[in-house]
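J.: First the structure, which I've put down as structure tokens, then a few questions once you've had a look.
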Amino acid sequence: MNKEDLNNNTYMDFLLILLLVGTTGFSFFYKFDQFVIVLFVLSALMFFVRKRRFDKGLFYVVLFLLVIQIIQGFKFSYWPLKTFTGLHVRIFAAYFTIKAIGDKFIEKYIKFISLFAKLSLIIFVPLALSSGLVNFFISKIAPFFVLSFKYNSDLYSLSPNILIYNLGGFTSYSYPRNSGPFWEPGAFAGFLIIAIVFELIKEKKLFSRNNVINIIALLTTFSTTGYLALFVIILYYFIGKRINILNVVVLIIMAVIMYNMVIRISFLEKKINNSIFLTKNSEYKITRFQSALLDLNDFIKNPFVGTGRNANTRFAGYKYDNIILSHRNNGITNILATYGVFFFILYWVLYNRSFKRLSFFYKNRNYIKHAQFVIVIMFIIGFSEVYFFRPLFYSFLFLNFVYDKNSNSNSDIQPSRVT
């Protein structure tokens, strides 16, 4: 394959997105540092082959984090080189991937997630109807996808997978839930929600072909957070439309459907009530609500530079007494606790800038409002999952470098102010 082929090869772009999303959340990939190294090397190769240029903003982010890490090292008298280096490998891998693919990244991400949404439905439906088929996949097929270089029997028992699909949705719950290829159904819901939002920004349609597929897959995750985020998206979409009888009727129908799915379905209602109960019960501290409280407590102790990502500093002072204090699943407060308030602000400022550029690139005149809407959605899905220190979510920091208004042939559009 010559250099020209690499420049225009869509299969290479697919492989980059597979590794980017895979190392972020596929059960087969994300626990293994080896795949992050592969992503880093391959994305760097494509970055240089396609003659991309570095952006100053990247080095400001890296320098900012280096300063925080150095301060953490002196503060805790602990220098976890692997943890420190791993952070920057992931950041550079995310940056190289974004730059290598360019302003087709969002389009390719949507297609990628829609493909796995289809695959998940093809696999989920027959498995949900046959426990014998589930047992066959787990006992006869999944063992072939256990990686010998880093095997964890506990991880496998919770999430047996066949690379393109995680069977944990049939082993960890009392009812079938669709995990897709991700580590759990709630995580799959988050990736689907992101694709739905990006498709809405790109096509200005909520019920496009890709979104219909993604919404159907989302419903099979039975994720309360996913349902909540979908309801907010639907509400935002119809509020932005002209008021007429049809839109009002559709909005009311969708509101009734979402109400019944989230509140009236007994197991979801029980799940919500249990989350609230477990938050108040001192014996259990593993819910998203308790995670937030624990993270905020850590943040108050280290408000400016945080505790760092290494377990020896992140969870220092906690004792194991039948309470899993190190299990933190609130992605929003995790940023605060890990790297402090200054990085928290920088993170969301860069997200806001990226989503403004993205929205304007696709001719959304109310681009400021759209960016704020995406931030709200990120907060909703991030409240339940620790997404934000993983490669795909680092890549969103750098969207503004490829979705620059001057890179679009329609850049003569003048943005309108939104008050």
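J.: Identify, by number, the condition in (1) in contact with a Lys or Arg (Cβ under 7 Å, 6 or more places away or on another chain); (2) modelled with pLDDT under 95 that Lys363 doesn't meet.
T.: (1)
J.: Run down Gly73, Gly86 and say which single residue is farther than 29 Å from Glu203 by Cα, in contact with an Asp or Glu (Cβ under 9 Å, 6 or more places away or on another chain) and surrounded by 14 or more Cβ atoms within 10 Å (Cβ to Cβ).
T.: The conditions single out Gly86.
J.: Which one of these is touching a residue at least 12 places away in the same chain (Cβ under 8 Å) and surrounded by fewer than 18 Cβ atoms within 10 Å (Cβ to Cβ): Lys56, Lys104? Reasoning before the result, please.
T.: On the way: Lys56 fails: touching a residue at least 12 places away in the same chain (Cβ under 8 Å).
When all the criteria are applied, what remains is Lys104.
J.: Any idea how many residues of the range 356-370 are closer than 16 Å to Phe401 by Cβ and out of contact with any Pro (no Cβ under 7 Å at 6 or more places or on another chain)?
T.: Narrowing the range 356-370 to residues closer than 16 Å to Phe401 by Cβ: 356-361.
Going one step further and asking which of them are out of contact with any Pro (no Cβ under 7 Å at 6 or more places or on another chain), we end up with 356-359, 361.
So the count comes out to 5.
J.: May I ask you to list pairs of residues, at least six apart or on different chains, whose Cβ atoms are under 9 Å apart, with the first in the range 368-382 being touching a residue at least 24 places away in the same chain (Cβ under 8 Å) and closer than 13 Å to Leu230 by Cβ and the second being of a type in the set (S, T, N, Q) and assigned to a helix (DSSP H, G or I)?
T.: Matching pairs, first to second residue: Ile380/Thr225; Ile381/Thr225.
J.: Please identify the pairs in which a residue from the range 330-341 that is within 9 Å of Val386 (Cβ to Cβ) has its Cβ atom under 8 Å from the Cβ atom of a residue that is of a type in the set (Gly, Ala, Ser) and surrounded by fewer than 23 Cβ atoms within 10 Å (Cβ to Cβ), counting only partners at least 6 apart or on another chain.
T.: Asn330/Ala292; Asn330/Gly382; Gly331/Gly382
J.: Continuing with the same structure: Check Phe191, Phe170 and return the single one that is surrounded by 20 or more Cβ atoms within 10 Å (Cβ to Cβ), closer than 19 Å to Phe137 by Cβ, aromatic (Phe, Trp, Tyr) and out of contact with any His (no Cβ under 9 Å at 6 or more places or on another chain). Spell out the reasoning first.
T.: Details: Phe191 fails: closer than 19 Å to Phe137 by Cβ.
Exactly one of Phe191, Phe170 is surrounded by 20 or more Cβ atoms within 10 Å (Cβ to Cβ), closer than 19 Å to Phe137 by Cβ, aromatic (Phe, Trp, Tyr) and out of contact with any His (no Cβ under 9 Å at 6 or more places or on another chain), namely Phe170.
J.: Which of the residues that make up the range 351-388 are surrounded by fewer than 19 Cβ atoms within 10 Å (Cβ to Cβ) and part of a helix (DSSP H, G or I)?
T.: The answer is Asn352, Arg353, Lys369, Gln372, Ile375, Val376, Phe379.
J.: Among Ile17, Ile91, Ile71, Ile37, which is under 17 Å from Phe191 (Cβ atoms) and β-branched (Val, Ile, Thr)? Walk me through it before giving the result.
T.: Details: Ile91 fails: under 17 Å from Phe191 (Cβ atoms); Ile71 fails: under 17 Å from Phe191 (Cβ atoms); Ile37 fails: under 17 Å from Phe191 (Cβ atoms).
Being under 17 Å from Phe191 (Cβ atoms) and β-branched (Val, Ile, Thr) holds for just one of Ile17, Ile91, Ile71, Ile37, which is Ile17.
Per-residue answers, yes or no, for (1) closer than 28 Å to Trp183 by Cα; (2) modelled with pLDDT of 95 or more; (3) touching a Leu at 6+ places or on another chain (Cβ under 6 Å); (4) not polar (S, T, N, Q):
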position	(1), (2), (3), (4)
Tyr320	yes, no, no, yes
Ser326	yes, no, no, no
Asn329	yes, no, no, no
Trp348	yes, yes, no, yes
His370	no, no, no, yes
Val418	no, no, no, yes
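J.: Another question, if that's okay. Would you confirm, using the coordinates I've provided, whether Thr220 is modelled with pLDDT of 90 or more, touching a Gly at 6+ places or on another chain (Cβ under 8 Å), among the β-branched types (Val, Ile, Thr) and over 26 Å from Tyr403 (Cα atoms)? Please lay out each step first, then the result.
T.: Values: modelled with pLDDT of 90 or more: yes; touching a Gly at 6+ places or on another chain (Cβ under 8 Å): no; among the β-branched types (Val, Ile, Thr): yes; over 26 Å from Tyr403 (Cα atoms): yes.
Taking the combined requirement at face value, the residue does not satisfy it.
The values are calculated or read from the model by the stated rules, or taken from the named source; none is laboratory data. Model, not experiment: these values are computed from the prediction. When we count neighbours, we look across all protein chains shown, and the Cβ atoms used for this are built from the backbone with ideal geometry, even at glycine.
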